[in-house]
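Below is one structure, written out as structure tokens; the observations come after it.
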Amino acid sequence: MGISLIKKKLLNETNNLYSEDEIKEFQKLSREQGLDIVEYVKNISNKEEEELLKQFNSFGSEVSYIDWENKRTREILGEIYTSKLGYLSRDVRNHLVKNEGKDIKDIYKNTSSLFFNIINKIEDNQLFWVVFGWFYQTYELSSLRLKEFENCISEERLSIRFYERSLLGNTMWLIHRRLFESSDSYSVYENFDEAKQRIVDLNRTNEQFYSFLFVGSNFKNLIEKSDDDEVKMYRGFKVDIKDKEMRIMDKENNKQLNGIGLSYSFKRQKCIYFGTRWTSFDLFIRTLIFSKVYSDEELENSQNLGKLYENLKHKEGLDWKRFTEEKEYRDNFLRSDIVKRITEDSEKHHQSSQENMDNKVILREIENYNKDTRGYVGDYSCKKKDIIMFSDYGGEDEIVVLSNKTKMLSYQVITYEEYSKSVNKWVLVSK
């Protein structure tokens, strides 16, 4: 059986995506033990899950996970932070994991498989929210595994009150901020052992440690609401641009039909970002903006990008002012063959940037990811008692709510004017 067939079979049987080098090593070791390669890999995969789960459950109720002042709490949280369930964090995988000499190419799918196989077996409820919150915050495109995330949330897990769930769910992110946001963090440690020690050394009062959650007013306002108070929020989502019949909302029954998910936010501008990223439209516009800015400023080493804008202007007749102001003109231009070629070339030529490589790590493991979509922002409401947790991750002011507990009030297509604000650091100025 060829390597590609083995890879596919292992993916189907174990939900893990292994590299060719790993498969070759598995072939050698499985032959030495007289085992079929799939049987061998299943055994080691199960062993890894069992060992991690055994470690997590061995902590038991030894500590309170929101008692940062307790040194033992910090030691345990250091073990959790450096476990494989934290590998989805870009900083962790691009610095700590790579520094350990480990391959990150298929890390997204493998880490996800590990999480969903053990999360419901974690015995301590506080520990569950610490692990769930960190994984959920670093998982991209959670709507693609909506049911699996929702299946993690039981009445038993919700027995911990909202305030504590949110503190627990943000604990790893708050650790991460302190590890990676200080100016000298990258020179302070280079491996997991040093990271663990740094966590232990983060000696703060509980109030100081969780202070980031209270910088804005949104979390404080949520805490003060009663269970039956209504909460207003937004959500960015995408629908297939080719499907003209796709209905977004069943207005008669007040039910959203497409674009549902768990993630909502108090910040509408953030939702515009999530409603447009990783789309062909977004890729073309960003490429064009870079080209136009570089052409305007005549920056050194930017000739190719500058020429792109000039070629579009002179050879393809692009009128930037009309493009930014007239929807019909813009839509017609976006459907042209030249745009398709530019987006394809852009994906090839910008593979060196770290952000683009990170996106490829994610998107290459999501089969048939559709980039040909249109972005929308919806207005929603829910009861405070139905909120799973509040997340401060990335300054998103995110509210996590089960999809059947929200009410869609309205939705609007994301306009070019709104979109342009999300990329304003590239100076959208018309010639």
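Key figures
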| quantity | calculated |
| --- | --- |
| Inter-site label distance for ASN404 and ASN206 at 7 Å from Cα along Cβ, in nm | 3.5 nm |
| Efficiency of FRET between ARG268 and ASN70 - r from beta-carbon atoms, R0 30 angstrom, step 0.05 | 0.15 |
| Alpha-carbon centroids, region 129-167 and region 210-242: separation in whole Å | 15 Å |
| Extension gain from GLU156 to ASN99, taking 0.36 nm per residue of separation minus the Cα-Cα distance | 16.6 nm |
| For peptides 215-222, 110-117, sequence by mean Cβ density within 10 Å, most packed first | 110-117, 215-222 |
| Calculated over region 60-214: convex hull of Cα atoms, volume per residue (Å³) | 116 Å³ |
| Linear extension gain, SER217 paired with ARG330, 0.36 nm per residue minus alpha-carbon span | 36.8 nm |
| Computed FRET value (nearest 0.05) for GLN27 with GLU51, which takes r as the C-beta separation and R₀ as 30 Å | 0.80 |
| Net lengthening on full extension, ASP250/HIS314 (0.36 nm per residue, minus Cα-Cα) | 18.4 nm |
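All of the numbers you see were taken from the coordinates with simple rules; none came from a lab. This structure is a prediction, so every number in the text was calculated from the model and none was measured. FYI the Cβ positions are ideal-geometry reconstructions off the backbone, even for glycines, and counts take in every protein chain you see.
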